[in-house]
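The values are calculated or read from the model by the stated rules, or taken from the named source; none is laboratory data. Note that the structure is a prediction, hence the values are computed from the model and not measured. When we count neighbours, we look across all protein chains shown, and the Cβ atoms used for this are built from the backbone with ideal geometry, even at glycine. Remember, those area values only see protein heavy atoms, side chains included, never the ligands or the DNA or RNA. Shrake-Rupley method; radii C 1.70, N 1.55, O 1.52, S 1.80 Å.
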Amino acid sequence: MAEHDTASMQALLDRQKAANLRDGAPSAEKRIERLDRCIGLLVDHRKAIEEALNNDFGARSPEVTAFADVASSIGPLTHAKANLRKWMKTERRATSPALLGLFGAKAEVRYQPKGVVGVISPWNFPVNLTFSPLAGIIAAGNRAMIKPSEYTPATSALMASMFGGAFSEEEIAVIIGGPEVGEAFASLPFDHMIFTGATGIDRHVMRAAAANLTPLTLELGGKSPVIIGRSADLPTAAARIMNGKTLNAGQICLAPDYVLTPKESLDSFVGEASGAVRRMFPTLKDNPDYTAIIAQRHYDRIMGYIDDARAKGARVVELKPDGEDLTQQEHRKIAPTLIIDPTDDMKVMQEEIFGPVLPVKTYNGVNEAIAYVNAHERPLGLYYFGADAAEREKVLAGTTSGGVTVNDVIFHVAQEELPFGGVGPSGMGSYHGHDGFREFSHRKSIYTQLKKDIGPLAQLRPPYGPAIRKYLDGAIKR
């Protein structure tokens, strides 16, 4: 499939913008029909999606893809279908002063499509992180241009074929290409753009968007911490943490990045984590349930974190239940690995890991854990385990993160009526459910004035006299 150049991408954008002006805001029925087409694509191409992602990763379970890329995309689309008529309704607001409303003035907010939304989707869940934002984009009445990742060429080509067979390019267009194409794509004057991907690239995207003053949603990542309270059910906590860390081999923006556990619980946590991995993955090397690392570059990066931590004195615990030698393998699998008592000079504590490596630090009191989290950049997610309500509230009130899951990891992203997004270095803006509809809509404020002047309105015009002075004296007071 040929790559697009800047001229052809601009021409596509011009066509979509012209179609938006020509056709106006689509009806609820048209939006639902487009959402239905998206759902149909996912259902009809499930097997092809599973095969393409297995091909791109080298080893990825069809069940992981069906769960994390297909079913998790249908959910947001179905939710948008069921609710968009309600979301589209004009919102009446109170007038200021309220007296104007009594005489017939009106204040309202109408939700208008922004126009054409650019979607830059990543490689880790390339289908879900294309279709999930599309739920809000389409529900809000927009058109879309999509730039999927070059790291998943088979899946990107498949999505181009899927959309090409179900949508005209005036509705949804897929742009194929490498980093140069991605850079040119980000520089297009979209009406809104959403980027999901790595910190570092985000700044380049933001600079490109700034040149056009393009509104931007950034869904990034960072080092999402887990705080295990003393009241936590440790076996359950360890099982849930390791499930989140090994899903897609930790290649998730919301994967638990490091654990803070009470000092006296360290050995118990290591033992429970080891047991949890053993139950999930009796073997790793040829186990189709365990995902490979996407590319050699990322494999080398993650192995570099482990080597650096070991060289600087950390205890490294590889969780290989069958004791397999993974140095000779067809794919790029890395065993779940715990880094015990890491120090902040280790690379594994400085960069988002995005792999099956989990540093485990200890603390004496929960205030110490909170202070450690607050001493670092605000993460996309934070996870607290425990039954102590007062401690839980202390953690929630005392830290800032994009979102939180209590007594599990990652699951807040699956809640369609919770906004999903980061804060500061972990992202800006949010989507999912109603919040996604609002993110991709222009909220137009409309005020309708009284048909005839009443006293106070007439008094606002010169020449000014006693009546306006009396009004102002009444308005300017404590």
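The ellipsoid equivalent to the alpha-carbon distribution of segment 389-467 has semi-axes of 47, 19, 12 angstrom, derived from the gyration tensor eigenvalues as √(5λ) and listed largest first. Ligands, DNA and RNA excluded, the heavy atoms of HIS4 present near 50 Å² of accessible surface to a 1.4 Å solvent probe.
Note that the chain presents 44 Å² accessible area per residue, ligands and nucleic acids not counted, probe 1.4 Å. Summing Cβ point charges (Lys, Arg +1; Asp, Glu -1) relative to the Cα centre of the chain gives a dipole of roughly 2720 debye. Taking the three principal axes of the alpha carbon atoms in segment 112-193, the coordinate ranges are 35, 26, 22 Å, sorted in descending order.
Projecting the alpha carbon convex hull of segment 1-139 along each direction and taking the average yields 11.9 nm². Starting from the coordinates of the alpha-carbon atoms of segment 340-434, obtain the Kirkwood hydrodynamic radius over all distinct pairs and give the value in Å to one decimal. Result for segment 340-434, one decimal place: 14.7 Å.
At the residue level, ASP23 shows approximately 90 square angstrom of accessible surface with a 1.4 angstrom probe and all protein chains present. ASP5 sits among other residues whose Cβ lies under 14 Å from its own Cβ, and their net charge, with Lys and Arg +1 and Asp and Glu -1, is -2. Taking label points 7 Å from Cα along the Cα-to-Cβ direction, ALA458 and ASP307 give a separation of 8.6 nm.
In a simple Cβ point-charge model (Lys, Arg +1; Asp, Glu -1; nothing else charged), segment 1-40 has a dipole of about 180 debye relative to its Cα centre.
Farthest toward the positive end of the dipole of segment 396-468, out of HIS412, THR448, GLY433, is the Cα of THR448, where the dipole comes from beta carbon charges about the Cα centre. For VAL259, the amide hydrogen comes within under 5 Å of the amide hydrogens of VAL226, VAL360, LYS361, counting only partners 5 or more places away or on other chains and with H modelled in the peptide plane. In the chain, a dipole from Cβ-located charges (positive for Lys and Arg, negative for Asp and Glu) runs towards its positive end, and of GLY421, PHE385, SER96 it is SER96 whose Cα lies farthest in that direction. The sum of -39500 (n - 2.57) across all DSSP H runs of n ≥ 4, divided by the residue count of the chain, sets its helix-only mean residue ellipticity at 222 nm to -13000 deg cm²/dmol. With the convex hull constructed from alpha-carbon coordinates only, the chain shows a mean projected area of 28.0 nm² over all directions. Counted over the chain, the DSSP beta bridges are approximately 35% antiparallel.
Across the alpha-carbon set of segment 241-344, the Rg to Rh ratio works out to 0.94, Rh being the Kirkwood radius. Once you have a ≥ b ≥ c as the square roots of the Cα gyration tensor eigenvalues for segment 88-246, tell me rounded if a/c is under 1.5, and otherwise prolate or oblate according to whether a/b is larger than b/c. Oblate, because a/c is 1.5 or more while a/b does not exceed b/c. Counted by Cβ distance under 9 Å from PHE195, the other residues give a net charge of -2, where Lys and Arg count +1 and Asp and Glu count -1. For the set LYS452/LYS477; LYS361/LYS394; LYS394/LYS444; LYS17/LYS223; LYS17/LYS81; LYS81/LYS394, the pairs lying more than 27 angstrom apart at their alpha carbons are LYS452/LYS477; LYS394/LYS444; LYS17/LYS223; LYS81/LYS394. Within the accessible area of the chain, the carbon and sulfur atoms contribute 53%, probe 1.4 Å, all protein chains present.
For ALA387, what is the net charge nearby, where nearby means another residue's Cβ is under 13 Å from its Cβ and Lys, Arg count +1, Asp, Glu -1? It works out to a net charge of -2.
The alpha-carbon of LYS106 sits under 19 angstrom from the alpha-carbons of these aspartates and glutamates, leaving out residues fewer than 8 places away in its chain: GLU91, ASP453. Rounded, prolate or oblate, given the Cα gyration tensor of segment 203-299, with a/c below 1.5 counting as rounded? Here segment 203-299 falls in the oblate category. In the assembled protein chains, VAL404 presents an accessible area of approximately 50 Å² (probe radius 1.4 Å). Dipole orientation for the chain: of the candidates GLN251, HIS331, ILE228, ILE228 has the Cα lying most toward the positive pole (charges on Cβ; Lys, Arg +1; Asp, Glu -1).
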